[in-house]
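Data first, discussion second: the structure below is written as structure tokens.
The values are calculated or read from the model by the stated rules, or taken from the named source; none is laboratory data. Predicted model, so just to flag it, every value in this text is computed and none were measured. Using ideal geometry, Cβ is built from the backbone for each residue, glycine included, and neighbour counts are taken over all protein chains shown.
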Amino acid sequence: MNEPGGGDRPATRAGTVHETRGGVYRVALEDGMVVEASLRGRLKRESRTGNRVVVGDRVRVERIEDAWVIARVEERRTELVRRGRGRAAKVLVANLDRVFVVVAVREPRASSQLVDRLLVLVESGGMHPTLVLNKVDLPGAKAEAGAMRALYESVGYDVLAVSARSGEGLDGLAEWVCAGTSALIGPSGAGKSSLLNAIDPDLELRTGALSRKTGTGRHTTTGSRLVPLSCGGLVADTPGFGDVALWAVPPADVAFAFPEIAEHARACRFRGCTHRQEPECAVRVALEAGVIPASRYESYRVLREEAEAKR
Ligand SMILES: Nc1nc2c(ncn2[C@@H]2O[C@H](COP(=O)(O)OP(=O)(O)OP(=O)(O)O)[C@@H](O)[C@H]2O)c(=O)[nH]1
Ligand SMILES: [Mg+2]
Ligand SMILES: [Zn+2]
């Protein structure tokens, strides 16, 4: 519909939503022009019922008199969905090529369960994240990062150990974020904004101090937006979150979000094996042989039970 030149409607132009703020959508058009648009009536009604237009959405806009209107939203290739305890699932960013799960190895130290929750969140959205271990400049953090790297590489993740402060490992991260569209997610205070500033000092994203009382971040970044990097590439700096719950993930799908469990599950005797007490469970055999790390299996068990309780 509404292809350029066709019909009596005005021609529409393709673009990508870079920022949303109170009903105003900043859209970058394909020729580099940036316009502020509102939603056409039907889309506006849909957005009130939860079908929101988000950052990263590919849209078609048209000019009506001197205003721009989003006439259509293209189908999404991927969705990064936030699922938190006690809240409705919410799409944060659409059409990402890559997601980085950023955690600090110290200050605040991320538990393996938190890391697994974040990885699972991304996997359940159909993407395979890269794990970024930040703050390796802190005393003792290198050894910690080394152990985490070994564990997560063994189950199939790319892992980067970096420091926004010392610049260590940043070349590796820059190589990834300077191409395509990516997002950084992770708990508040992990250093997501600091990493982006270190890669591209022109960004001047706001970064925050850690709370003295809790040692965690204070949600310095609010709202998501896509920012163009001077090296090329678009990146979403998202607000920190660590309260990930598997809202609305069918229990049987939880295993698929753990690549190493999914791989062994194919050899289980029973088709609907939950990998807990069934006989001839290939997952438990791999666990006992040390092929599946105990912490990963433990996270699987906890998340599976959570998903079952939500039914
Ligand atoms: N030692 C050290 N501190 C860092 C590093 N990166 C970030 N920090 C500090 O960690 C704190 C939080 O950094 P931010 O970049 O604001 O963290 P964020 O992940 O963007 O947090 P939210 O926006 O709240 O989600 C700040 O005090 C930073 O200076 C690092 O590599 N090493
Ligand atoms: Mg931030
Ligand atoms: Zn099994």
Give the residues of segment 171-193 that are within 29 Å of R77 (Cβ to Cβ), among the small types (G, A, S) and within 11 Å of ligand 1 (Cβ to nearest atom), sorted by residue number. G186, S188, A190, G191, S193
Out of A88, A150, A104, sole residue that is more than 14 Å from the chain's Cα centre (by Cα) and closer than 27 Å to V53 by Cα: A88
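Please find, among G208, G191, G180, the residue that is assigned by TED's automatic domain parsing to the domain that holds L92, touching a residue at least 40 places away in the same chain (Cβ under 8 Å) and within 16 Å of ligand 2 (Cβ to nearest atom).
After applying the criteria, what remains is G191.
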Tally, over segment 99-121, of residues that are closer than 16 Å to V244 by Cα, crowded, with 19+ Cβ neighbours inside 10 Å and of a type in the set (G, A, S): 1
Collect the residues in segment 123-144 that are within 12 Å of ligand 1 (Cβ to nearest atom), under 21 Å from the mean Cα position of the chain (by Cα) and either farther than 23 Å from N95 by Cα or part of a loop (DSSP other than H, G, I, E, B) (or both), keeping them in residue-number order. L133, N134, K135
Residues satisfying the stated conditions in segment 132-150, i.e. surrounded by fewer than 16 Cβ atoms within 10 Å (Cβ to Cβ) and among the aliphatic types (A, V, I, L, M): A143, A147, A150
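Condition check ((1) modelled with pLDDT under 90; (2) away from ligand 2 (no atom under 16 Å from the Cβ); (3) more than 29 Å from G22 (Cβ to Cβ)) across all residues:
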| site | (1), (2), (3) |
| --- | --- |
| A174 | no, yes, yes |
| G186 | no, no, no |
| L195 | no, no, no |
| S224 | yes, no, no |
For segment 45-55, indicate whether the set of residues that are hydrophobic (A, V, I, L, M, F, W, C), at pLDDT 90 or above and out of contact with any strand residue (DSSP E or B) (no Cβ under 7 Å at 6 or more places or on another chain) is non-empty. no
